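The values are calculated or read from the model by the stated rules, or taken from the named source; none is laboratory data. Note that the coordinates shown come from a computational prediction; the quantities given were computed from them, not determined experimentally. We place every Cβ from the backbone using ideal geometry, glycine too, and count neighbours over all the protein chains shown. Just the protein is used for accessible areas: all its heavy atoms, side chains included, with ligands, DNA and RNA removed. Shrake-Rupley method; radii C 1.70, N 1.55, O 1.52, S 1.80 Å.
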Amino acid sequence: MYPGTDEDRIPILEAQEMARLRLPEGTPCIRANKDYNVILEEVRKYNPVVVVAGSEFGVELATRLGSDLGLPSNPWSIIGKMTRKNEMQQALADYGIRYIRGRIVRSEAEAEAFYKELGTQHTVIKRVRGAATQGLHLCNGLDELMAAVRTELALSASDENVGDILMQERIIGKEYIVNTVSCAGKHRLVSMCFYDKLQMNGSNIYNYGEAMTHLDVGESALVRYAYDVLDAIGIQYGPVHGEYMVDEKGPVLIEVNCRPMGAGQTRQFLEKIFGQHETDSALDSYLDPGKFEQERLKPYRPLRKGVIKLFILPNDVTLESAPVLQLVRQLPSYCYSVFERLGVNHS
């Protein structure tokens with residue numbers, strides 16, 4: 001089941017159907033089924049050598065299938081730490097590394113009490129199983145916090161798929177993405193990016209992402225911390241897309257996403273920057289431990305600088321055209337652009 005409200009799931013289901021239509025004719029496709037055992041037996045017929053999650057919504061199913069089929073996989077016993085934001089942070093606390101203070105809140109009174117306990121006006125409300133920015137509220141002060149809590153508790157009461165609401169202290173710093181791949185508990189840095197965001201309409205909006213071409217002392221420390229996070233969670237195999245914040249105290253985990261990095265980045269772009277697609281390294285971790293180890297021991301050396309720029313609109317409008325495409329395509333650094341919803345109105 002996809003986390004979030006029915007409205008949240010609309011673009012996810014649309015993207016899923018678009019991906020299915022792009023598959024070559026005759027590609028086997030197993031449809032979703034509420035009965036897990038039906039899916040398990042359908043998958044077993046193909047005698048798979050590995051099961052890999054393609055997105056956040058496949059992590060639970062892929063991990064369970066991999067475990068039940070006896071394939072290289074993360075153990076099913078850690079699925080809570082892999083998918084639930086509160087359990088991720090508790091795993092770090094138990095391991096003895098920096099974590100973010102947080103608590104599941106089920107009433108306004110619980111939220112207000114924890115606000116006083118945290119001793120900071122900067123807080124975050126999010127869904128324990130929310131994907132992307134579903135249910136995310138960045139709050140300054142008690143009034144904004146209580147408004148966010150009321151909104152999310154009302155949604156949770158009306159739709160069981162929203163799930164638990166997590167309240168955390170807010171870490172203000174520089175945001176990084178650390179993409180890793182693991183094989184039998186050994187970890188390798190695949191790619192690393194810095195994200196710039198803008199405050200708009202009460203939310204953090206992505207402005208651009210920039211690939212790190214080398215690691216300074218602070219960024220090397222972040223990678224070491226990220227490896228500790230993977231050990232704390234219990235990651236043994238496959239890709240992890242980790243989101244981290246670095247402030248004056250150093251790095252801290254925002255959340256792990258146990259699947260390849262998303263954002264619609266093309267193979268052409270990733271190969272130009274990093275010399276590979278992330279799924280190449282992921283498959284090595286499952287199928288070719290020798291090659292994985294050779295690549296793991298090499299220094300982190302991307303081929304060139306890469307930047308993803310997101311175009312931001314101040315209001316919710318339907319774009320009928322994008323003349324900017326004619327301009328950016330003339331730039332020597334241009335690689336690709338994505339305007340999948342151009343001219344589409346979802347209101």
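Summarise the accessible area of the chain (1.4 Å probe, protein heavy atoms) by the percent that is carbon and sulfur.
Answer for the chain: carbon and sulfur cover 51 percent of the accessible area.
For V190, what residues show an amide H to amide H distance below 5 Å, using hydrogens built from the backbone and excluding near sequence neighbours?
Hits under the 5 Å cutoff: N179, T180, V181.
What chymotrypsin sites (Phe, Trp or Tyr not before Pro) in segment 43-108 are in a loop by DSSP, with at most 15 other Cβ atoms within 10 Å of the Cβ?
Of the chymotrypsin sites (Phe, Trp or Tyr not before Pro), the ones in loops of segment 43-108 whose Cβ has at most 15 other Cβ atoms within 10 Å are Y46.
From the backbone phi of segment 67-82, what are the Karplus-calculated ³J(HN,Hα) couplings (6.51 cos²θ - 1.76 cosθ + 1.60, θ = phi - 60°) in whole Hz, Gly and Pro given as x?
5, 5, 8, x, 9, x, 6, 6, x, 4, 5, 9, 4, x, 5, 7
Spin-label point model (7 Å from Cα, Cβ direction): what's the Y336 to E243 distance in nm?
Between Y336 and E243, the simple spin-label model gives 2.3 nm.
Where only protein heavy atoms count, and the probe is 1.4 Å, what is the accessible area per residue for the chain in Å²?
54
Report ³J(HN,Hα) in whole Hz for each residue of segment 26-38, in order, from the Karplus equation J = 6.51 cos²θ - 1.76 cosθ + 1.60 where θ = phi - 60°; Gly and Pro get x.
x, 5, x, 9, 9, 6, 4, 8, 5, 8, 4, 5, 5
Take the chain, connect every pair of alpha-carbon atoms lying under 10 Å apart with a spring to form a Gaussian network, then pick out the residue of T133, T27, T213 with the largest mean-square fluctuation.
T27
At what distance in nm do the modelled label points of M18 and D35 sit from each other, each positioned 7 Å from its Cα along Cα→Cβ?
Label-label distance for M18 and D35, simple model: 3.4 nm.
Fully extended, how many nm does the chain gain between E293 and E117 (0.36 nm per residue separation, minus their Cα-Cα distance)?
Computed gain between E293 and E117 is 58.8 nm.
Post the alpha-carbon centroid distance, segment 16-73 to segment 110-170, in whole angstrom.
33
In segment 200-276, what trypsin sites (Lys or Arg not before Pro) fall in a loop by DSSP, with at most 14 other Cβ atoms inside 10 Å?
The qualifying sites are K249.
How much length is gained on full extension from D143 to L325, taking 0.36 nm per residue of separation minus their Cα-Cα distance?
Here the answer is 61.3 nm.
Could you give the length gained by full extension between D164 and R101, i.e. 0.36 nm per residue of separation minus their alpha carbon distance, to one decimal place?
21.1 nm
Please check: in the Gaussian network model of the chain (C-alpha springs, under 10 Å), which one of N179, N140, N315 has the largest mean-square fluctuation.
The residue that fluctuates most here is N315.
For the cross-link pairs K81/K186; K85/K298; K126/K174; K186/K298, which exceed 23 Å when the distance is taken from alpha carbon to alpha carbon?
Those over the limit are K85/K298.
Loop only by DSSP, 15 or fewer other Cβ within 10 Å of the Cβ. Give me the GluC sites (Glu not before Pro) in segment 17-78 that pass, ordered by residue number.
Answer in residue order: E25.
Sticking with the crude label model, points 7 Å out along Cα→Cβ, report the distance from R304 to T133 in nm, one decimal please.
3.0
I'd like the Karplus ³J(HN,Hα) series for segment 135-152: coefficients 6.51, -1.76, 1.60, θ = phi - 60°, whole numbers in Hz, and an x wherever there's a Gly or Pro.
x, 8, 10, 9, 10, 10, x, 5, 4, 5, 4, 5, 5, 5, 4, 4, 4, 6
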